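The values are calculated or read from the model by the stated rules, or taken from the named source; none is laboratory data. These numbers come from a predicted model, not from an experiment. Please note: Cβ atoms are built from the backbone with ideal geometry, for glycine as well, and neighbour counts cover all protein chains shown. Ligands, DNA and RNA are stripped out before the accessible areas are found, and what is left, the full protein with its side chains, is counted by its heavy atoms. Shrake-Rupley method; radii C 1.70, N 1.55, O 1.52, S 1.80 Å.
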Amino acid sequence: MDALVSLCKRRGFIFQSSEIYEGINGFWDYGPLGCELKRHIRDAWWKSVVQAREDIVGLDCSIIMHPRVWEASGHTASFADPMVDCKSCRKRFRADMLCEDQDAKLIKTDKGFALPDGIKCPACGAKDLTAPRAFNLMFKTFVGPVEDESSVAYLRPETAQGIFVQFQNVLAVARQKVPFGIAQIGKAFRNEINPRNFTFRSREFEQMELEYFIKPGTDAHWHEYWVAERLKWYRAIGLPEESLKPYVYGKDELAHYASACTDILYDFPFGMQELEGIAARGDFDLTQHQKFSGKSMEYFDAETREKFIPHVVEPSAGVDRIALALLCEAYREEWVPTADTPGEPIEAECGKQPPAGYEARTVLRFEPAIAPIKAAVFPLLKNKPELVAKAREVFAVLQRRWPCFWDQTGAIGRRYRRQDEIGTPFGVTIDFQTLTDQTVTLRDRDTMKQIRLTIAELPGHLANIID
Ligand code: GAP
């Protein structure tokens, strides 16, 4: 994990927010490569959930909504984590995680929670912790110039509620019939007690949420359908089956209104952790908003002439966690044959030097569709104007379609290594032969094999692999 965190900073994937002021805990900035990576994740999700289907439409709601939204959803009253303070060093911790880290389980009581015996402060070791108490995770702010109770508002802790609140407006314009869905991507904010594991638990993060509205009674079918669909999507973007695990909630773990919930977990270096939750939430959310707003949330089925409040299945994923999982999955330290040694890359052995004829490389083996930069273009020599001009022509063609990188500095092998380290799947080299027969070499990041093809063939060849 340390090597990956260091690469993320060194190569411009992820920086600490406000770093020049010592940073701010739980907030992260995505650099030039990180924001491309996140954009490709969002695009892949949108393509699969909205664009490639006829039954799902998009929505983009405001971050700050009427405070009654959060009363209706239950967030004002109970979107809280149990928190404890160390009476000795005054540090603050999330009680359930503290117990988990010490192989214990937080005790549920009539009034809330209690710590089991023997739990220590991880900072100073004292066994002098307060009883757990609820800490609401919503960030509070004020709307308008007056800061009083009447102007309190919250940064949304999830994007989902915007979808429920706009259900009737979307239904009126989208010409959809149940079952149909509304999808949204956007920022969410939670004042996490202990942000940790790099970007995994942040205070500002991005969600991709789908509310799929269904006929009551079809919940189990659609829940199963969406778990299968979402697992397929994760495999397509480069997270293999063996790194993923669905966690099916037991009856006693479900919210009172939910009939099923499955989390999709990924095998991070710090343990199996959630990327996405897929919940069958019944009609809880729409019913709550109907109750609190006094506006009907009913749907009229023109075929059966029935009126009902639709049930919903909600696949809810986090962009930042998926980006981190893809970085973890893609990161490899390898030994690769030097220029005059034939062979394939082999996995490096920790702490050892590469064998004769091999050198070490760090590579991010992203799927081409997800890689931040799709191709790098290299004129073999930077001091040959005719090579540079031809390479510029090729670069212009590719750059129109994909994020590409221009590099004319250093030995060609070093230029390849720089791209390997950021996961660029293709290197295109323009050499003297290009000037005579209009062909270039195309190098594959993973096999390091090179083929020759014409400039005219190049965009089509790449499109078949990337798009
Ligand atoms: N509307 C349902 C909902 O918000 P959730 O399990 O609380 O459910 C959904 O959040 C997803 O949002 C999680 O699976 C995770 O990927 C992401 N997420 C939640 N809290 C996060 C945090 N503090 N930092 C980064 N991502 C987070």
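Hey, what did the range 373-466 get for relative contact order, percent, Cα under 8 Å, at least 6 apart? Can you show the working numbers first?
Details: 147 pairs, mean separation 27.6, N = 94.
Value for the range 373-466: 29 percent.
How much space per residue, in cubic angstrom, does the convex hull of the C-alpha atoms of the range 97-230 take up? Could you put the intermediate results ahead of the total?
Working: hull volume 30.4 nm³, N = 134.
Hull volume over Cα atoms, normalised by residue count, gives 227 Å³.
Sort H311, H256 by accessible area with a 1.4 Å probe, largest first.
H256, H311
To check you understand DSSP bridge types, tell me what percent of the beta bridges within the chain (both residues inside) are antiparallel, rounded to 5.
Numbers: 75 of 87 bridges.
Of all bridge pairs located within the chain, approximately 85 percent are antiparallel.
Would you please name the trypsin sites (Lys or Arg not before Pro) within the range 393-426 that are DSSP coil residues with at most 15 other C-beta atoms within 10 Å of their C-beta? Walk me through the intermediate numbers first.
Working: sites: R400, R401, R414, R415, R417, R418; in loops: R400, R401.
Passing sites in the range 393-426 are R400, R401.
Dipole of the range 373-466, Cα-centred, from +1 at each Lys and Arg C-beta and -1 at each Asp and Glu C-beta, to the nearest 20 debye?
220 debye
Using just the Cα positions, wrap the chain in a convex hull and report its mean projected area in square nanometres, one decimal place.
Details: hull surface 115.2 nm².
Over every viewing direction, the Cα hull of the chain projects on average to 28.8 nm².
Projecting each Cα onto the charge dipole of the chain (Lys/Arg +1, Asp/Glu -1 at the beta carbon, about the Cα centre), which of F300, I346, S78 comes out farthest on the positive side?
Selected residue: I346.
Roughly how big is the chain's charge dipole about its Cα centre, with Cβ charges of +1 (Lys, Arg) and -1 (Asp, Glu), in debye to the nearest 20? Could the numbers behind the result be given before it?
Details: 60 positive and 67 negative charges, 191 e Å.
I would put it at about 920 debye.
Could you tell me whether the range 373-466 comes out rounded, prolate or oblate from its Cα gyration tensor? Rule is a ≥ b ≥ c as square roots of the eigenvalues, rounded for a/c under 1.5, then prolate if a/b exceeds b/c, otherwise oblate. Walk me through the numbers on the way to the answer.
Working: a/c = 1.43, a/b = 1.11, b/c = 1.28.
The shape class here is rounded.
The range 54-129 to the range 208-265: how many Å between their Cα centroids?
Here the answer is 24 Å between Cα centres.
Find the cysteines in the chain that fail to meet the 4.7 Å Cβ criterion with every other cysteine, and list them.
C8, C35, C61, C99, C261, C328, C350, C404
Enumerate the amide H contacts of G282 below 5 Å, restricted to partners 5 or more residues apart or on another chain; note that Pro and chain-start residues carry no placed amide H.
The list, which skips near neighbours in sequence, is S259, V312.
What's the longest uninterrupted piece of the chain once you rule out the GluC sites (Glu not before Pro) that are loop residues per DSSP with at most 11 other Cβ within 10 Å? Could you put the intermediate results ahead of the total?
Values: sites that count: E22, E54, E147, E303, E349.
That would be 148-302.
Distance from the Cα centre of the range 384-448 to that of the range 144-183, in angstrom?
Cα centroid of the range 384-448 versus Cα centroid of the range 144-183: 47 Å apart.
Using a 1.4 Å probe on the protein chains only, how many percent of the accessible area of the chain belongs to carbon and sulfur? Don't skip to the answer; put the middle values down first.
Numbers: 11740 of 23050 Å².
Percent of accessible area from carbon and sulfur atoms in the chain: 51.
Against the longest principal axis of the chain, how steep is helix 319-330, in degrees 0 to 90 to the nearest 10, with axes from Cα atoms?
Tilt relative to the chain: about 40 degrees.
With a 1.4 Å probe and every protein chain left in place, tell me how much accessible area D43 has, in Å² to the nearest 10.
The value for D43 is about 80 Å².
Percent relative contact order of the chain, based on C-alpha pairs within less than 8 angstrom and at least six residues apart? Don't skip to the end; give the middle numbers.
On the way: 861 pairs, mean separation 55.5, N = 467.
Computed over the chain, the figure is 12 percent.
Taking the convex hull of the alpha carbon atoms in the range 353-403, what volume per residue do you get, in Å³?
Details: hull volume 6.0 nm³, N = 51.
So the per-residue hull volume is 117 Å³.
Give a quick list of chymotrypsin sites (Phe, Trp or Tyr not before Pro) in the range 211-289 that DSSP marks as loop, anything other than H, G, I, E or B, with at most 16 other Cβ atoms within 10 Å. Please report the intermediate quantities before stating the final value.
Values: sites: Y212, F213, W222, Y225, W226, W233, Y234, Y247, Y249, Y257, Y266, F270, F284; in loops: Y249, Y257, F270.
Passing both the DSSP loop test and the Cβ count: Y249, Y257, F270.
Taking +1 at the Cβ of each Lys and Arg and -1 at the Cβ of each Asp and Glu, which of Y416, M448, L462 sits farthest along the dipole of the range 373-466 towards its positive end, judged by Cα position relative to the Cα centre?
Y416
What percent antiparallel are the DSSP beta bridges of the range 373-466, to the nearest 5?
On the way: 9 of 17 bridges.
Looking only at bridges with both residues in the range 373-466, the antiparallel portion is about 55 percent.
Using a 1.4 angstrom probe on the protein heavy atoms only, could you order L129, L324 from most to least accessible area? Walk me through the numbers before you get to the answer.
Working: L129 25, L324 0 Å².
The ordering from most to least exposed comes out as L129, L324.
In whole Hz, with x marking every Gly and Pro, tabulate ³J(HN,Hα) for the range 385-400 from phi via Karplus 6.51 cos²θ - 1.76 cosθ + 1.60, θ = phi - 60°.
Coupling constants for the range 385-400: x, 5, 5, 5, 5, 5, 5, 4, 4, 5, 4, 4, 5, 6, 5, 5 Hz.
Just the number please: accessible area per residue for the range 373-466, 1.4 Å probe, all protein chains included, in Å². Before the final figure, lay out the partial values.
On the way: 4250 Å² over 94 residues.
Result: 45 Å² per residue.
Restricting attention to the range 330-395, which trypsin sites (Lys or Arg not before Pro) occupy a DSSP loop and are surrounded by at most 15 other Cβ atoms within 10 Å?
Passing both the DSSP loop test and the Cβ count: K352, K382.
Return P(r) of the range 30-105 (all Cα-Cα pairs; 10 Å bins starting at 0; whole %; ordered from short to long distances).
Cα pair-distance distribution for the range 30-105, in percent: 14, 19, 23, 34, 9, 1.
Where does the charge balance sit around P269 when Lys and Arg score +1, Asp and Glu -1, over other residues with C-beta under 11 Å from its C-beta? Before the final figure, lay out each step's value.
Numbers: positive: none; negative: D2, D267, E329.
Every neighbour counted, the sum reads -3.
Quick one: helix 412-422 against the long Cα principal axis of the chain, what's the angle to the nearest 10°, folded into 0 to 90?
The two axes meet at around 10 degrees.
When only C-alpha pairs under 8 Å and at least 6 residues apart count, what is the relative contact order of the range 74-202, in percent? Could you put the intermediate results ahead of the total?
Details: 172 pairs, mean separation 29.3, N = 129.
Value for the range 74-202: 23 percent.
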